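A short worksheet on the structure shown next.
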Amino acid sequence: MLTKLAMTGFKHRWRDYLVLFSGLIMSSAIFYMFEALATNHDFLKQNTGISMIGMIFQFGSVLLTIITLVYISYANSFLLSMRKRDYGLFMLVGARKSKIGQLIWLETLLVGISATLIGIILGTALTAGISQILINSLGLELHHLAAWYFPAAAVTLLLYVGLFLVAGLFNLIALTKTPALKLLHSNDQPNRPQIKPARQLIEIIVGLISIAIGYWSMGHLKQLQLMGIGIALVTIVLGTYLLFNAIFVWLMIALKRLPVANRGLNGFTLSQLSFRIRNYTKMLSIVAMLFALALGAITVGMGFHSQIPLMTNSNNAYDLGLVNTTKSEQQQIAALKPKTNITYHFKADKKTVYYQASEFNQHPFTTIEVQDKAQLSYKTVHNNAAQIKKSGFNYQLMQLQSGSMEAGTPVFLSSAAYQKLAQPEQRLTIFTTNDVVQHRAALKRLAKAHFHTTDVTNFGGRYASYVMVNSMYSGLEFMGMFLGIAFLAMLASCLMFKILSGADADKHRYAMLAKIGTTKHQLRSAIDKEIAVLFILPGIVGIVHVLFGLQMFKIIMITSPYTGIWLPFLIFAVLYLLYYLITVNIYRRIVLQ
Amino acid sequence: MTTTPIMTVTDLHKTYGKAGSKQYEALKGIDFDVQPGEFVGIMGASGSGKTTLLNMLATLDQPTSGEVTIHQQPITHLKGNQLADFRAKEIGFIFQDFNLLETMTAFENIALPLSLQNTPAKQIKTAVENIAQQLGIQEFLTNYPNELSGGQKQRVAAARALINDPAILFGDEPTGALDSKSARELLDLFTKINQEQAVSILLVTHDPFSASFCQRILFIKDGQIGQELQRGDLDRSDFYQQVLDTLGTFEQ
Ligand SMILES: Nc1ncnc2c1ncn2[C@@H]1O[C@H](COP(=O)(O)OP(=O)(O)OP(=O)(O)O)[C@@H](O)[C@H]1O
Ligand SMILES: [Mg+2]
């Protein structure tokens, strides 16, 4: 009988359950996505060559677990608030507490486990899809990447089931220990925002100190090593939460005292915000952390991506050097519309490659001289024969002399001396396309056919260094982008969840405002403002975290991690704005019918 | 009567349900006027159409046909900002379930209609304090609704309804959730503001005691006005008896 009653409650509120369900599915899917990388040690080792990466991921797991913990406790209180009324009613009509306890326990576990299972499946699909897109669009080379990775699924399931067991127990106690009447009216209890100056001052001070410690240790990873990441993780999470807790209450009260609070619906918006202050501070700190993680990961990913052409270009001015090209190879080169395409004649013995100086004077050989290693800035120099000899940059020509001439020192002879040599004359063709990355497929085909191998150590030039740098950075780049997307999705699901779970309770408030003569325009702008605050505050904190967090990457990035930072920030801002607009739209639709 | 009525209702019909689906005619042609400063009651059995009628009059719902004018202005076809402005300036409501915003203090709730018009903060403060004084709720102004009793909540709601000096005040069973003492206090309050400030009041109720505070009572049965009762010079307890008698015969 009771089970039947519970089921009707379930049917009645399917919309709310849909919100709860999709939120949980997204969360477990993202957790799985993360674990699919973090628990796959082969993948981490093979693709980065940086032993620390594995540890960084472990810390990431810890952080994500904390976030999941809060997220689930949050989802659970949403579930509880949905059911409180129903269960209160059951108790009023005389249902036994033990029976109700069973029901709550069962319902929580059922919701949790089914959402997690679906989440793991979705996570596998997302991992496969996102990695395909990234690999194809960025031209990455990855090994051992598996969308379905059993240990990741096991970790996800274990954590979620464990958390839901705890949540079920919590619900059981919360519901059966509370008197029925209180359950019936638990929805309409505001949190009176209070200023407790001493406590808030302490919160602010401790919060600021923790964040400062976190920032400092991120900047001193060289000395602190892994400890630094651990310290930063704990202190920044703690500091962010404390700061939001202290400042949010204070900010709301301060704003309410300003004259603008009396204009239009501003007072209403501020009251709305302070009404749910407790939920908001927790959520805002999570969102700020996720914002920082997502933006940071994407920035680092793009940072690595932008280093690939930089490092590639600072290596050699020519894409490939081919000896004795065939007609068809020449046609293939021409098809690439190269910027430069030079053929030098030479004769070679075991140790030396003889060129004619006149050819080099006619077609100078371009070398690259790196000026600032930290910034990878370089200048190109067009050299005639005498200059190459002097400059010490002849190794760049040697890189292009592949095959048996590889180690031969170039020597530039007068035409007369060259003619006297007995060795057979050969040709070295060197060319530069406008962009190796863009022509990577054609270059690969050409090189493979010419050298009968894809091992880049057998051929030199810009293309070879591209392949080497790319395989070195692909893993890092992929992780940055992949995690950035995952965290962004998690952030979206967090905010979405928060806002939608409150929308139902807001409905009657907005209906009431309409009854006393509020215009549609006023209602809309009140909604816009309320949600904007919820987006902007964690956004600002997140950006500050990222700016300091990038310090960590000084040790694994060659250029400054801050170069070109505006681009990922801009992309992220656009995505975030888009996400804000979608949220406002959904919220408006729910609240204003 | 020589005065122009503050509200006229002409041949008002309301049919629930869309054409084609199951339809129900809740109002079947209602006509009446309300004079300035009049205190009118609307009575009827449950389901007779009282709330439906009030919602039409208060612009909360649109009639199927017929017209309502307040201050000579037809209101049934108002839309968008005009409708909002009209609600904000010309009418006040009090509902059975208070309809206060539980996120705001009593003061903020009462001030809301003025804030919506962007009234300067100083002016808002004096207006709220004045009305709170009249309704005897000065000491509760900083409380949140869940810290108030039902009677106090309803007085806060009344203060919010009155702060804009509306032409007419609508109440749908405002005493419905109150005990008899609080109900009586609220009704005395209505009488006071009706007499002192000449605010017209339209009160929907099924409670004869509440109705006996009115000057005129319209009885609704099956979506039509079945009978009308004038208090005239009767004192309240005699009128109460008359209402009871009328109900006895009317509801047969
Ligand atoms: N939205 C609606 N859709 C369909 N029918 C409705 C709707 N609202 C009311 N009704 C019907 O119209 C009739 C009048 O309802 P109304 O709410 O006006 O009654 P009432 O006189 O206020 O009753 P009570 O004293 O119980 O509040 C009822 O039969 C009701 O079923
Ligand atoms: Mg009614």
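Worth pointing out:
- Distance in nm between pseudo-label sites at A:S560 and A:K177 (7 Å out along the Cβ direction from Cα): 5.5
- Taken about its Cα centre, chain B carries a charge dipole of roughly 540 debye when the Cβ of each Lys and Arg holds +1 and the Cβ of each Asp and Glu holds -1.
- Span from the region A:34-94 Cα centroid across to the region A:479-502 one, whole angstrom: 13
- Sum of -39500 (n - 2.57) over DSSP H runs of 4+, divided by residues of chain A (222 nm, nearest 500): -24500 deg cm²/dmol
- Taking every lysine pair in region A:1-189 that is 8 or more places apart or spans two chains, those with Cα atoms closer than 21 Å amount to 13.
- Straightening the chain between B:D245 and B:K125 buys 38.5 nm, computed as 0.36 nm per residue apart minus the Cα-Cα spacing.
- Candidates B:G223, B:G17, B:G41: whichever shows maximal mean-square fluctuation once chain B is modelled as a Gaussian network with Cα springs under 10 Å: B:G17
- Listing of region A:267-284 residues, each with accessible area lower by at least 40 Å² in the full protein assembly than in the chain alone (probe 1.4 Å): A:F268, A:S271
- Between 0 and 90°, nearest 10: helix B:236-250 axis offset from chain B longest Cα axis: 40
- Rolling a 1.4 Å probe over the protein heavy atoms of region A:446-593, with every protein chain left in place, gives an accessible area that is 71 percent carbon and sulfur.
- Once the C-beta distance of A:L577 and A:T352 is scaled by a Förster radius of 45 Å, the resulting FRET efficiency is 0.10 to the nearest 0.05.
- Solvent-accessible heavy-atom area per residue, rounded to whole Å², over the protein assembly as shown at 1.4 Å: 45
- Compared with the direct C-alpha span, the chain from A:A532 to A:S98 gains 151.8 nm at full extension, assuming 0.36 nm per residue.
- Entry note, chain B: the mean residue ellipticity at 222 nm calculated from DSSP H runs of n ≥ 4, each adding -39500 (n - 2.57), is -11500 deg cm²/dmol after division by the residues and rounding to the nearest 500.
- Mean Cβ neighbour count within 10 Å, used as a protection proxy, ranking A:491-497, A:340-346, A:533-539 highest first: A:491-497, A:533-539, A:340-346
- Long pairs among B:K14/B:K89; B:K22/B:K221; A:K379/A:K448, criterion Cα-Cα beyond 23 Å: B:K14/B:K89; A:K379/A:K448
- Expressed as a fraction of 2.2 N^0.38 Å, the value expected for a compact globular protein of N residues, the C-alpha radius of gyration of region A:1-189 is 1.25.
- Eligible lysines near B:K18 by straight Cα distance, threshold 22 Å, same-chain separation 8 or greater: B:K28, B:K50, B:K79
- Computed extension length for A:Y395-A:A416: 5.0 nm, one decimal, from 0.36 nm per residue of separation with the Cα-Cα distance subtracted.
- FRET efficiency for the pair B:Q73 and A:R524, taken as 1/(1 + (r/R0)^6) with r the Cβ-Cβ distance and R0 = 41 Å, rounds to 0.95.
- Chain A: DSSP helices with Cα axial extent of at least 20 Å and average Kyte-Doolittle hydropathy no lower than 0.0: A:14-38, A:52-92, A:97-138, A:150-177, A:197-219, A:226-257, A:277-313, A:462-515, A:520-549, A:566-591
- When the accessible areas of B alone and A alone are added and the area of the pair subtracted, with a 1.4 Å probe, the result is around 2400 Å², both sides summed.
- Local net charge near B:E185, Cβ-Cβ under 13 Å (Lys/Arg +1, Asp/Glu -1): +3
- Taking label positions 7 Å along the Cα-Cβ direction at both A:I113 and A:M227, the computed distance is 4.4 nm, reported to one decimal.
- Spatial separation of Cα centroids for region B:62-83 and region B:173-193, in angstrom: 29
- Between A:T457 and A:I586, the simple label model (points 7 Å from Cα in the Cβ direction) yields a spacing of 5.2 nm.
The values are calculated or read from the model by the stated rules, or taken from the named source; none is laboratory data. If you're wondering where the values come from, they're calculated on a predicted model, not measured in any experiment. All Cβ positions, even for glycine, are placed from backbone atoms using ideal geometry, and neighbour counts span all protein chains on display. These accessible areas exclude ligands, DNA and RNA; they are computed on the full protein's heavy atoms, side chains included. Shrake-Rupley method; radii C 1.70, N 1.55, O 1.52, S 1.80 Å.
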